[in-house]
């Protein structure tokens with residue numbers, strides 16, 4: 001079993017449920033940024049437990065969700081059995097279905113080798129209809145380098161604590177994180193290894209995949225990307 005499957009389990013889900021509170025605001029911003037229509041078919045790739053998927057559905061959009069985590073998909077289906085949620089690996093996402101919009105949010109890209117990551121972007125391209133759009137949300141490499149912290153407390157509550165111990169590796173191309181999650185006095189250790197891509201690298205990967213219109217933003221509001229942006233949002237159109 002890969003570290004990806006080991007990391008994203010029911011304990012991870014319970015620890016990060018606090019992210020749900022941001023979903024409605026983020027969906028509204030994404031709809032505006034991509035000009036999503038109610039007639040569009042949307043794929044939420046790496047949908048997790050469906051926090052964005054469910055909001056899109058409640059707003060009247062046609063959406064499906066896929067994720068590699070069995071625990072996430074089980075939870076998502078419990079939340080709404082009217083949405084098609086499937087346990088799928090984005091490395092092999094081609095299913096014959098074509099989408100107007102593909103979402104890849106909350107830094108769900110960059111977990112594999114460069115070769116595989118490039119193949120994933122090509123898979124996304126092949127899964128889009130003509131003029132379809134993809135949005136990928138990443139952490140900004142430039143911001144990480146300028147504000148690097150070896151130890152970062154993500155959450156510190158009486159029943160839930162999340163602490164990251166970070167190290168930059170492979171000539172500043174990867175960040176390896178030991179994430180320690182404490183839930184009701186039980187502690188779980190998760191290893192996350194993430195490839196950090198620059199704007200220049202992503203532009204090359206997207207162009208190579210076939211995307212003709214590639215734009216970069218600093219957030220979902222559509223503000224201009226800069227080295228000081230916490231997030232790096234990539235929007236590509238087929």
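The values are calculated or read from the model by the stated rules, or taken from the named source; none is laboratory data. The shown structure was predicted, so the numbers you read here are calculated from the model rather than taken from an experiment. Backbone-built Cβ (ideal geometry, glycine too); neighbour counts: all protein chains shown.
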Using the structure shown, decide if residue 186 is surrounded by fewer than 17 Cβ atoms within 10 Å (Cβ to Cβ), more than 25 Å from residue 117 (Cα to Cα), out of contact with any helix residue (DSSP H, G or I) (no Cβ under 7 Å at 6 or more places or on another chain) and modelled with pLDDT of 95 or more.
no
Taking the range 77-90 and keeping residues in contact (Cβ under 8 Å) with a residue 24 or more places away in the chain and loosely packed, with under 14 Cβ neighbours inside 10 Å leaves 82
Mind listing whichever residues of the range 123-144 are surrounded by fewer than 16 Cβ atoms within 10 Å (Cβ to Cβ) and either outside the structural domain of residue 221 (by TED's automatic domain parsing) or touching a residue at least 40 places away in the same chain (Cβ under 8 Å) (or both)?
129, 130, 131
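With 8, 56 as the choices, which residue is at pLDDT 95 or above and either farther than 27 Å from residue 98 by Cβ or in contact with a helix residue (DSSP H, G or I) (Cβ under 7 Å, 6 or more places away or on another chain) (or both)? Outline the logic, then answer.
On the way: 8 fails: at pLDDT 95 or above.
It is 56.
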